[in-house]
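Enquirer: Please find one structure pasted underneath; my questions will follow.
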Amino acid sequence: MLNKWSIATCALVALGLMSFTSVSSNTEMKFVNNKTVQNGTPITWAQLGQIDFIKKRDNVYGEVMFPVIHPNLKNLQGKKIVAKGFIVPIDNKSYALSKNVFAQCFFCGNAGPETIMGIHFKGTTPKLKTDTYVTIEGNFRYNDNNVDDWIYHIDNAVITEQK
């Protein structure tokens, strides 16, 4: 009897997880297929995920894995982009844009550091709720040498859509 309940519980959990994953995938597909971009080049999480890492020496931490940015992303350095994702609070004053909801972002063990972008808002930083799905326009910046900073950033960011 206990085995039947365990199997049923596992099946329900698996079904729930599969349902959550498909919603996330559909959201990204809408962005990939979005042809009506107002100002900026659309950038996808799949593009940001095209990253390699190389082990190099750091003066503070010793041997560390440094990102090797894809050439297509290097070409976007300083240019206006449009990105979609979930808001993740970092502290009382700053946020990041994440491919995943807070419970699945990289520091919770479900993804890598390439699935999050630091946000530097143009003007005053707005008050945002965790896991709000937004579209952001701003200037793309990558970091491939400071291990204490995000790999990707959106500078002069403006929220153009919020769900």
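Enquirer: Among the residues of segment 133-158, count how many are of a type in the set (V, I, T), modelled with pLDDT of 95 or more and outside any strand (DSSP E or B).
Expert: Step one: of segment 133-158, the residues of a type in the set (V, I, T) are 134-136, 147, 151, 154, 158.
Among the residues that remain, those that are also modelled with pLDDT of 95 or more are: 134-136, 151, 154, 158.
Now narrow it down to the ones that are outside any strand (DSSP E or B): 151.
Qualifying residue count for the region: 1.
Enquirer: For E63, all conditions in the list (1) more than 15 Å from the chain's Cα centre (by Cα); (2) at pLDDT 95 or above; (3) surrounded by 11 or more Cβ atoms within 10 Å (Cβ to Cβ) hold save one; what is the number of the exception?
Expert: Single failed check for E63: (3).
Enquirer: Which numbered condition trips up Y133, out of (1) of a type in the set (F, W, Y); (2) crowded, with 17+ Cβ neighbours inside 10 Å; (3) under 24 Å from Q50 (Cβ atoms)?
Expert: That leaves (2) as the condition not met.
Enquirer: How do the pairs read when you match residues in segment 61-80 that are closer than 18 Å to N39 by Cβ with residues anywhere that are in a loop (DSSP other than H, G, I, E, B) and of a type in the set (F, W, Y), using Cβ under 8 Å and keeping only pairs 6 or more apart or on different chains?
Expert: If the second residue must be in a loop (DSSP other than H, G, I, E, B) and of a type in the set (F, W, Y), no pairs are left.
Enquirer: Determine whether V88 is at pLDDT below 95, assigned to a strand (DSSP E or B) and either in contact with a Ser or Thr (Cβ under 6 Å, 6 or more places away or on another chain) or exposed (fewer than 14 other Cβ atoms within 10 Å of the Cβ) (or both).
Expert: Working: at pLDDT below 95: yes; assigned to a strand (DSSP E or B): yes; either in contact with a Ser or Thr (Cβ under 6 Å, 6 or more places away or on another chain) or exposed (fewer than 14 other Cβ atoms within 10 Å of the Cβ) (or both): yes.
For V88, the condition - at pLDDT below 95, assigned to a strand (DSSP E or B) and either in contact with a Ser or Thr (Cβ under 6 Å, 6 or more places away or on another chain) or exposed (fewer than 14 other Cβ atoms within 10 Å of the Cβ) (or both) - is met.
Enquirer: Among P126, P113, which is the only one that is within 14 Å of V88 (Cα to Cα) and under 13 Å from the mean Cα position of the chain (by Cα)? Break it down into steps so the answer makes sense when it comes.
Expert: Working: P126 fails: under 13 Å from the mean Cα position of the chain (by Cα).
Exactly one residue qualifies, and that residue is P113.
Enquirer: Are there any pairs, at least 6 apart or on different chains, whose C-beta atoms fall under 8 Å, with the first in segment 43-59 and within 20 Å of K80 (Cα to Cα) and the second part of a helix (DSSP H, G or I) and among the small types (G, A, S), and if so, which?
Expert: Within 8 Å, no pair qualifies.
Enquirer: State which residue is farthest from the chain's Cα centre (by Cα) when the search covers only segment 151-163 and only residues that are more than 21 Å from T124 (Cβ to Cβ) and surrounded by 16 or more Cβ atoms within 10 Å (Cβ to Cβ).
Expert: Let us first name the residues in segment 151-163 that are more than 21 Å from T124 (Cβ to Cβ), namely 151-152, 163.
Of the ones still in play, those that are also surrounded by 16 or more Cβ atoms within 10 Å (Cβ to Cβ) are 151-152.
Values: I151: 10, Y152: 9 Å.
For segment 151-163, the residue satisfying everything is I151.
Enquirer: Taking only pairs six or more apart or across chains, which ones have beta-carbon atoms under 9 Å, a first residue in segment 100-118 that is closer than 15 Å to V134 by Cα and in a loop (DSSP other than H, G, I, E, B), and a second residue that is of a type in the set (S, T, N, Q) and at pLDDT below 85?
Expert: Close Cβ pairs (under 9 Å, with a partner that is of a type in the set (S, T, N, Q) and at pLDDT below 85) amount to N100/S24; N100/N110; V101/S24.
The values are calculated or read from the model by the stated rules, or taken from the named source; none is laboratory data. All values reported here derive from a predicted model rather than from experimental measurement. A quick note on method: Cβ atoms are made from the backbone with ideal geometry, for glycine too, and the neighbour counts reach across all protein chains shown.
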